[in-house]
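The values are calculated or read from the model by the stated rules, or taken from the named source; none is laboratory data. No experiment lies behind these values; they were computed from the predicted model shown. Cβ sites come from the backbone with ideal geometry, for glycine too, and all protein chains shown count toward neighbours. These accessible areas exclude ligands, DNA and RNA; they are computed on the full protein's heavy atoms, side chains included. Shrake-Rupley method; radii C 1.70, N 1.55, O 1.52, S 1.80 Å.
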Amino acid sequence: MTLERKVANVFQLDDENWMKHSNPWSVWTRYSVLPFIVLAFWSRIWIGWWCLIPGLASLFWMFLNPIFFSRPASTRNWASKSVLGERVYLNRDKIDIPDIHKTPLFSLLNLISSVGMLLAIWAIVYYSIWGAVLGVSLAYIGKSWYLDRMVWLYESMKNNNAEYKSWDY
């Protein structure tokens, strides 16, 4: 089982929920999570322990978001294809992907995103505005580039697999 499949299981991404998550509203609003978490826990300086309320609400939104929206009217857009590509990538242990996509780039982009999140956490602890900005920026640069590669993967796989092709509407 791939790491991505384990993460998908945590978020309860079955066939129907993957399609809900492919709604562009799900993709774009998910970008709100990290800045809200940073702001929520940063606010402890102003509101003390009350910061846990917006912090926990942000974390709740992170888990609710993939299943909150309905199936998209169309998956022929960048955001939808990025999610469908993630689904193809997590399935690579069952359906082989082209060699050009078997690259350490995906791991590198996830590492960049993870370093950004760790920097953002450090910035929250030490109240470093520049650390927070840099951390969130790195996290989003890594994640956005990763999602762009997932679009490419989906586009290269959809015509070779009937199930993947059925996601294209």
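At a glance:
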quantity: Options Ser114, Ser74: the member that is assigned to a loop (DSSP other than H, G, I, E, B) and of a type in the set (S, T, N, Q); calculated: Ser74
quantity: Val88, sole failed condition from (1) more than 22 Å from Asp15 (Cβ to Cβ); (2) surrounded by 12 or more Cβ atoms within 10 Å (Cβ to Cβ); calculated: (1)
quantity: Condition broken by Ser58, with the remaining ones in (1) open to solvent by less than 60 Å² (accessible area, probe 1.4 Å); (2) modelled with pLDDT under 90 satisfied; calculated: (2)
quantity: Verdict on Arg44 being closer than 28 Å to Ala132 by Cα and either open to solvent by less than 30 Å² (accessible area, probe 1.4 Å) or charged (D, E, K, R) (or both); calculated: yes
quantity: Scope region 128-169; condition crowded, with 18+ Cβ neighbours inside 10 Å and hydrophobic (A, V, I, L, M, F, W, C); matching residues; calculated: Ala132, Val136, Leu138, Ala139, Leu147, Met150, Val151, Leu153, Met157, Trp167
quantity: Complete set of residues in region 1-41 that are closer than 30 Å to Tyr127 by Cβ and open to solvent by 40 Å² or more (accessible area, probe 1.4 Å); calculated: Trp28, Arg30, Tyr31, Pro35, Phe36, Leu39, Phe41
quantity: Members of region 108-127 found to be open to solvent by less than 80 Å² (accessible area, probe 1.4 Å) and either acidic (Asp, Glu) or within 16 Å of the chain's Cα centre (by Cα) (or both), listed by number; calculated: Leu109, Asn110, Ile112, Ser113, Ser114, Val115, Gly116
quantity: Inter-residue pairs, beta-carbon under 8 Å, first farther than 30 Å from Pro35 by Cβ and in region 92-118, second loosely packed, with under 15 Cβ neighbours inside 10 Å and among the β-branched types (Val, Ile, Thr), 6+ apart; calculated: Arg92/Thr2; Asp93/Thr2
